[in-house]
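The structure under discussion appears below in the form of structure tokens.
The values are calculated or read from the model by the stated rules, or taken from the named source; none is laboratory data. What you see is a predicted model, and the numbers here were worked out from it, not measured in a lab. Every residue, glycine among them, receives a Cβ derived from its backbone with ideal geometry; neighbour counts consider all protein chains shown. All accessible areas refer to the heavy atoms of the entire protein, side chains included, with ligands and DNA or RNA removed. Shrake-Rupley method; radii C 1.70, N 1.55, O 1.52, S 1.80 Å.
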Amino acid sequence: MEDMGRESDHLMLITPERVFYAGLLGRPRKRTPGCCHVYVAVKGSLYMTIDDVLATGELFVTLPNQRHSIASDYRTAISVTLEPESVPDGVLEDLAQRLMGSDRAAYARKILAAYALLRQRRYGDITTAEFDEMCFGEALPRRVLDPRVVRAVARIGRFSGEPVTADTCAAEAGLSASRFLHLFKEETGISFRSFRAWKRARHLLHFANQNLNLAHLAQDIGYPDSTHFSHSIRRFYGLKPRAIFVGSRDLAIYRSTETVRELAEAG
């Protein structure tokens, strides 16, 4: 696995279907990410606000596209994210119920142990099943997607050249645009446009600890302009792009072999 940052207690492990982040949360603004989040306090408590209701605890779970804000007593907190299209319908809801149930403290300790392991070993590689075992004690079920949708997802993930359109993916799948969009939503549970928008914002994570021209990065990732870039990132992460980069200067980033391969193809 590639390490793009300095030796640090702040780290991020990125795989195609999971992210383990231990670092700064930033100011507690509302965010609406397209993935499932499992937040764990490193020290003290977390403060979760959903629908203007504040709750305090050591572990919280939010589902994809659930608007929320999160704050912490301590400058560093842990966030484990799961991509919704990677698991069958209902799995994330079941996981959230389990993690927030009577064994909540045990799951928090399990994820803190995963953090200690990552700090010590700087993982050489990890599969999705191994990631899940490390964080949750079991591998979550895998969603099996139609090959035509798999090709579209791979195309979206390349982030090279012109932005990927539904028409392009439909033509490659041998379907009309309307039939392809229906198939994509049926298979992933997410609309094509929402999926593409979230993956574009997620791709930003790979560069968070680098000193880059953000306008150029926005263009490279596929945003039409800096305004659209800033608005999208703030919607998903609750932070302006520059705040993410400033807060990630000491962040060590590690990538699975599959992720490194995808980035090489995108380049």
Condition first: farther than 18 Å from Phe131 by Cβ and surrounded by 15 or more Cβ atoms within 10 Å (Cβ to Cβ). Now tell me which residues in segment 82-120 satisfy that. Met100, Arg104
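Could you grab me the full set of residues in segment 26-41 that are of a type in the set (A, V, I, L, M, F, W, C) and within 19 Å of Pro88 (Cβ to Cβ)?
Here is the first cut: in segment 26-41, the ones of a type in the set (A, V, I, L, M, F, W, C) are 35-36, 38, 40-41.
Correct list: Cys35, Cys36, Val38.
Hey, among the residues in segment 168-195 that are surrounded by 15 or more Cβ atoms within 10 Å (Cβ to Cβ) and more than 22 Å from Leu92 (Cβ to Cβ), which one's farthest from the chain's Cα centre (by Cα)?
At the first step, the residues of segment 168-195 found to be surrounded by 15 or more Cβ atoms within 10 Å (Cβ to Cβ) are 168-170, 173, 175, 177, 180-181, 183-185, 187-190, 192, 195.
Checking which are more than 22 Å from Leu92 (Cβ to Cβ) leaves us with 168-170, 173, 175, 177, 180-181.
On the way: Thr168: 25, Cys169: 23, Ala170: 26, Ala173: 27, Leu175: 30, Ala177: 28, Phe180: 25, Leu181: 23 Å.
Looking at the filtered set, the residue picked out is Leu175.
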Take segment 48-71 and flag every residue that is under 24 Å from Arg109 (Cβ atoms), of a type in the set (Ser, Thr, Tyr) and open to solvent by less than 30 Å² (accessible area, probe 1.4 Å). Thr62
Would you pick out the residues in segment 134-164 that are surrounded by 16 or more Cβ atoms within 10 Å (Cβ to Cβ), within 23 Å of Leu92 (Cα to Cα) and either among the aromatic types (Phe, Trp, Tyr) or out of contact with any helix residue (DSSP H, G or I) (no Cβ under 8 Å at 6 or more places or on another chain) (or both)? Phe136
Segment 205-262, subset of a type in the set (A, V, I, L, M), under 17 Å from Tyr21 (Cα atoms) and assigned to a loop (DSSP other than H, G, I, E, B), residue most open to solvent (accessible area, probe 1.4 Å): Leu239
